[in-house]
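The values are calculated or read from the model by the stated rules, or taken from the named source; none is laboratory data. On a predicted model such as this, the values are computed, not experimentally measured, just so you know. Ideal geometry is used to build each Cβ from the backbone, glycine not excepted, and the neighbour counts take in all protein chains shown. For accessibility, only protein heavy atoms count, side chains too; no ligands or nucleic acids. Shrake-Rupley method; radii C 1.70, N 1.55, O 1.52, S 1.80 Å.
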Amino acid sequence: MQKKTHIKKGDMVKVLAGEDRSKQGRVLEVDRERMIAIVEGLNINKKHSKPTTANPQGGIVDQEGPIHISNLMLIDAKSGEPGRVGRRLDKEGKLERYVKTKKSKA
């Protein structure tokens, strides 16, 4: 069963826990079943690849690893401040996401 998440592909996020704590990056992929996200440039792992016809040399490749969604906080696009995610109705009656920062009392 897939759960609703506060993080979506393309969001700017801040890491709250782990080796990459307080770093920021853009979300490349979200797996809602496993509740993980791949963030660009964070949680870098080394992957050893065998030689193939496409890559005859083989070697060691750096790639992003998954981060649990509970360790990520959305960053407001306007102010650049991290905050919690809220949902409210816009003028057309559709739900929109917004970031609840310490400064904004919306």
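Taking the average, over residues, of other Cβ atoms within 10 Å as the packing measure, peptides 92-101, 69-78 rank 69-78, 92-101 from highest down. Once C-alpha pairs closer than 8 Å and six or more residues apart are averaged by separation and normalised to the residue number of the chain, the relative contact order reads 22 percent. Of the accessible area of the chain, computed with a 1.4 Å probe over protein heavy atoms only, carbon and sulfur atoms account for 48 percent.
Dipole check for the chain: with +1 at the C-beta of Lys and Arg, -1 at the C-beta of Asp and Glu, and the Cα centre as origin, the magnitude is about 580 Debye. A straight line joining the Cα centroids of segment 80-105 and segment 1-58 runs 25 Å. Along the axis of the charge dipole computed for the chain (Cβ charges of +1 for Lys and Arg, -1 for Asp and Glu, origin at the Cα centre), the listed residues L95, G65, Q24 are led at the positive end by L95. For segment 37-88, the Kirkwood estimate of the hydrodynamic radius, built from every pair of different alpha carbons, is 14.0 Å. Along the axis of the charge dipole computed for the chain (Cβ charges of +1 for Lys and Arg, -1 for Asp and Glu, origin at the Cα centre), the listed residues S79, N45, I7 are led at the positive end by S79. When Kirkwood radius over Cα pairs in Å is computed from the coordinates, the matching label among (i) 15.6; (ii) 13.2; (iii) 13.9 is (i).
Considering the chain as a Gaussian network with a 10 Å cut-off on Cα pairs, which listed residue, G18, G59, G80, attains the greatest mean-square fluctuation? Maximum among the listed residues: G59.
Comparing V85, V61, V27 in a Gaussian network model of the chain where C-alpha atoms under 10 Å apart are linked, the largest mean-square fluctuation is found at V61.
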